[in-house]
1. Failed condition for Glu185, given (1) under 19 Å from the mean Cα position of the chain (by Cα); (2) exposed (fewer than 14 other Cβ atoms within 10 Å of the Cβ), with all others met?
2. Could you pull out the residue among Arg59, Arg14, Arg81, Arg51 that is farther than 30 Å from Ile189 by Cα and either at pLDDT 95 or above or of a type in the set (Lys, Arg) (or both)?
3. Is it the case that region 205-220 has a residue that's surrounded by 13 or more Cβ atoms within 10 Å (Cβ to Cβ), in a loop (DSSP other than H, G, I, E, B) and either in the same structural domain as His36 (by TED's automatic domain parsing) or in contact (Cβ under 8 Å) with a residue 12 or more places away in the chain (or both)?
4. Kindly check whether there is at least one residue in region 138-147 that is aliphatic (A, V, I, L, M), outside any helix (DSSP H, G or I) and touching a residue at least 12 places away in the same chain (Cβ under 8 Å).
5. Looking at (1) touching a strand residue (DSSP E or B) at 6+ places or on another chain (Cβ under 7 Å); (2) in contact (Cβ under 8 Å) with a residue 40 or more places away in the chain; (3) over 22 Å from Leu4 (Cα atoms), can you tell me which one Leu132 breaks?
6. Is it the case that some residue within region 80-101 is in contact (Cβ under 8 Å) with a residue 24 or more places away in the chain, surrounded by fewer than 19 Cβ atoms within 10 Å (Cβ to Cβ) and not in a strand (DSSP E or B)?
7. Name, by its number, the condition in (1) touching a Phe, Trp or Tyr at 6+ places or on another chain (Cβ under 6 Å); (2) surrounded by fewer than 19 Cβ atoms within 10 Å (Cβ to Cβ) that does not hold for Ala240.
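The values are calculated or read from the model by the stated rules, or taken from the named source; none is laboratory data. Note that the coordinates shown come from a computational prediction; the quantities given were computed from them, not determined experimentally. When we count neighbours, we look across all protein chains shown, and the Cβ atoms used for this are built from the backbone with ideal geometry, even at glycine.
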Amino acid sequence: MRVLTPDVEGFRVREEPFYVPAGDEVTLFEAAHRSHLPVMLKGPTGCGKTRFVAYMAWRLGRPLITVACHEDLTASDLIGRYLLLGDETVWVDGPLTAAMRLGAIVYLDEVVEARRDTLVVIHPVTDDRRVLPIDKLGAALQAPPEFQVVISYNPGYQSVLKDLKTSTRQRFVSLDFAYPSEEREIGVIAHEGGVSEEFARRLVHMGAKIRNLTDRGLDQEVSTRLLVYAATLVREGVPARRACEAALGSVLTDDREIRASIAQIVSDWF
């Protein structure tokens, strides 16, 4: 029986991702990697968690396999399954199994979106055993030293039914993320959006005003990612107000009054 494992070269992070450290997260992640500890990234959407993982994979020279978690994700999706290929049956590795064979970092993005019974499969690979039992193969894979599990989620948007079980949480070292400081966010937007620092500063100040609307019923915060999107549209010739409407107002809410408040803030700055 053949076993199909993805080519490791397809998961290399070949160019350095742009990432500006906010604190000691790089040092902590490197220490966890050396010690074979899994890492949990907690923070709001669009604050740089995924970019940080890509940066660390590049920095450590490890392949990166990313899984976008969702409610239909099954254990077989992570581990693998038998498939018919022509007239033969082959075993196709799932991302978790492939990462173990390749000594990669496997990143489970928004992990709480997956079913709880699915997440149980990561338990034996995130404790001192570092073993993945594969019942269908009658085998158990031992993780190489370079293998690491990283998960992320946004505690601010999770219900009680979509929180991590204690038995899962306590297997991880946790790194907390937040939106960048003003000067750091300006630098990120200027670089990623391709706009001047002065224009990025206006976007950041505008974003800070819109974030204050969470006290008036806005249930989403303006992420750094959305501010980068607005800057990118402006760079491509879209007028600033229209860019902010498309990247911010229409995305954040459908409530007419809140959208009007956002539009007023945008007009104050542009």
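1. Every listed condition holds for Glu185 apart from (2).
2. Only one candidate passes the filter, namely Arg81.
3. yes
4. yes
5. The failed condition is (3).
6. yes
7. Exception for Ala240: condition (2).
For every residue, the table says whether it meets (1) under 10 Å from the mean Cα position of the chain (by Cα); (2) more than 10 Å from Phe177 (Cα to Cα).
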site: Phe18; (1), (2): no, yes
site: Ala22; (1), (2): no, no
site: Thr27; (1), (2): no, yes
site: Arg34; (1), (2): no, yes
site: Lys42; (1), (2): yes, no
site: Met56; (1), (2): no, yes
